[in-house]
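Engineer: Take a look at the following structure, please.
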Ligand SMILES: [Fe+2]
Ligand SMILES: [Fe+2]
């Protein structure tokens with residue numbers, strides 16, 4: 001015998017949840033391919049704590065070499081450490097706009113992976129320079145310059161974060177995805193190249209593991225765009241063109257050399273930066289040369305270009321690499337969304 005009470009005029013309907021809101025909860029799946037990638041992410045991800053850190057022996061290098069190698073990891077952390085908060089915010093956005101469940105889950109998996117990449121930067125830095133990246137006392141000209149540069153890099157990272165924060169809610173998710181795509185393509189090629197160039201087994205393992213994650217992030221971006229691109233307006237498309245240029249401007253700092261846009265750097269930065277990277281390269285880190293990096297970028301850009309042109313999106317001009325395309329004007333901090 002059940003004892004419910006139903007008023008004669010019927011049940012009172014619950015109020016509608018004002019949107020955007022993460023409620024009501026539902027688990028729609030429109031893109032099974034994304035659900036599949038999410039399952040793969042659970043298995044393929046790695047635990048930075050299980051890398052054989054003892055093998056990365058600080059005695060193998062001079063103090064200057066250790067700081068030069070650490071400098072590159074601090075440079076990488078300028079990008080990889082913005083990954084977790086950027087994707088976490090994108091994930092919240094995906095919940096609030098009621099994206100299908102696999103989209104939300106994939107964003108979570110990228111947040112997870114990027115936290116692993118960030119932890120890897122942290123572990124390498126603190127193994128080589130225990131008070132790094134900024135808490136150590138420099139004991140040579142190279143170390144003083146490296147410390148100064150890390151401050152400048154983080155200053156620019158901070159400008160990126162403020163811009164991203166103001167921008168994130170202004171753009172449809174499809175635009176955010178395209179912006180991320182430039183980062184994912186570029187980073188998967190970067191880590192692949194570095195895993196071949198490094199002479200150290202621990203760095204090789206790290207680069208190939210991170211590279212595999214980045215390749216998966218790229219697949220996520222491509223699948224999302226496949227799904228979203230028919231809904232893009234002409235304005236969205238030209239905005240994406242600008243974002244591709246923004247990706248080049250922002251990511252060139254770690255992938256090649258920064259162009260004369262966005263980056264706020266003191267005189268001689270670039271000269272000394274090259275010198276620091278040369279020391280790190282000669283110590284076996286695996287940093288590619290200027291020309292190898294340019295080729296790497298060209299390859300990555302050709303891949304992105306092919307992808308976006310399929311969706312009727314024009315490509316921006318990248319005169320720095322002799323790539324022709326649309327002139328998108330100046331790029332400021334507010335324009336830059338891409339991360340690794
Ligand atoms: Fe990534
Ligand atoms: Fe990453």
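The values are calculated or read from the model by the stated rules, or taken from the named source; none is laboratory data. Note that the coordinates shown come from a computational prediction; the quantities given were computed from them, not determined experimentally. Glycine also receives a Cβ, built like all others from the backbone with ideal geometry; neighbour counts cover every protein chain displayed.
Per-residue answers, yes or no, for (1) farther than 19 Å from residue 160 by Cα; (2) surrounded by fewer than 20 Cβ atoms within 10 Å (Cβ to Cβ):
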| residue | (1), (2) |
| --- | --- |
| 78 | no, no |
| 95 | yes, yes |
| 105 | yes, no |
| 113 | yes, no |
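Engineer: Something else about it: Hand me the list of helices (runs of 4 or more DSSP H) wholly inside the range 227-340 holding 3 or more residues that are modelled with pLDDT of 95 or more and closer than 30 Å to residue 88 by Cβ.
Structural biologist: Values: elements: 234-255, 269-282, 290-310.
Fully inside the range 227-340 and qualifying: nothing.
A quick yes/no check of all residues on (1) within 16 Å of ligand 2 (Cβ to nearest atom); (2) farther than 27 Å from residue 48 by Cβ; (3) surrounded by fewer than 16 Cβ atoms within 10 Å (Cβ to Cβ); (4) free of Cβ contacts under 8 Å to residues at least 12 places away in the same chain:
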| residue | (1), (2), (3), (4) |
| --- | --- |
| 139 | no, yes, yes, no |
| 147 | no, no, no, no |
| 169 | no, yes, yes, no |
| 180 | yes, no, no, no |
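Engineer: What do you reckon, is residue 304 in contact (Cβ under 8 Å) with a residue 24 or more places away in the chain, more than 16 Å from ligand 1 (Cβ to nearest atom) and surrounded by 16 or more Cβ atoms within 10 Å (Cβ to Cβ)?
Structural biologist: no
Engineer: Looking at the range 195-229, which of its residues are more than 15 Å from ligand 1 (Cβ to nearest atom), within 30 Å of residue 61 (Cα to Cα) and touching a helix residue (DSSP H, G or I) at 6+ places or on another chain (Cβ under 7 Å)?
Structural biologist: Of everything in the range 195-229, those that are more than 15 Å from ligand 1 (Cβ to nearest atom), within 30 Å of residue 61 (Cα to Cα) and touching a helix residue (DSSP H, G or I) at 6+ places or on another chain (Cβ under 7 Å) turn out to be 195, 198, 201, 202, 204.
Engineer: Would you pick out the residues in the range 190-223 that are closer than 15 Å to residue 300 by Cβ and under 13 Å from the mean Cα position of the chain (by Cα)?
Structural biologist: Residues satisfying the conditions are 190, 191, 211, 214, 215, 217, 218, 221.
Engineer: Could you please let me know if residue 128 is at pLDDT 95 or above, within 18 Å of residue 283 (Cα to Cα) and more than 16 Å from ligand 1 (Cβ to nearest atom)?
Structural biologist: yes
Engineer: Against the definition (within 13 Å of ligand 2 (Cβ to nearest atom), under 24 Å from residue 275 (Cα atoms) and surrounded by 23 or more Cβ atoms within 10 Å (Cβ to Cβ)), how does residue 186 come out, yes or no? Talk me through it step by step, then tell me what you get.
Structural biologist: Values: within 13 Å of ligand 2 (Cβ to nearest atom): yes; under 24 Å from residue 275 (Cα atoms): yes; surrounded by 23 or more Cβ atoms within 10 Å (Cβ to Cβ): yes.
Against the criterion (within 13 Å of ligand 2 (Cβ to nearest atom), under 24 Å from residue 275 (Cα atoms) and surrounded by 23 or more Cβ atoms within 10 Å (Cβ to Cβ)), residue 186 qualifies.
Engineer: A follow-up question, please. Would it be correct to say that residue 90 is crowded, with 18+ Cβ neighbours inside 10 Å and either assigned to a helix (DSSP H, G or I) or over 15 Å from the mean Cα position of the chain (by Cα) (or both)?
Structural biologist: Numbers: crowded, with 18+ Cβ neighbours inside 10 Å: yes; either assigned to a helix (DSSP H, G or I) or over 15 Å from the mean Cα position of the chain (by Cα) (or both): yes.
Against the criterion (crowded, with 18+ Cβ neighbours inside 10 Å and either assigned to a helix (DSSP H, G or I) or over 15 Å from the mean Cα position of the chain (by Cα) (or both)), residue 90 qualifies.
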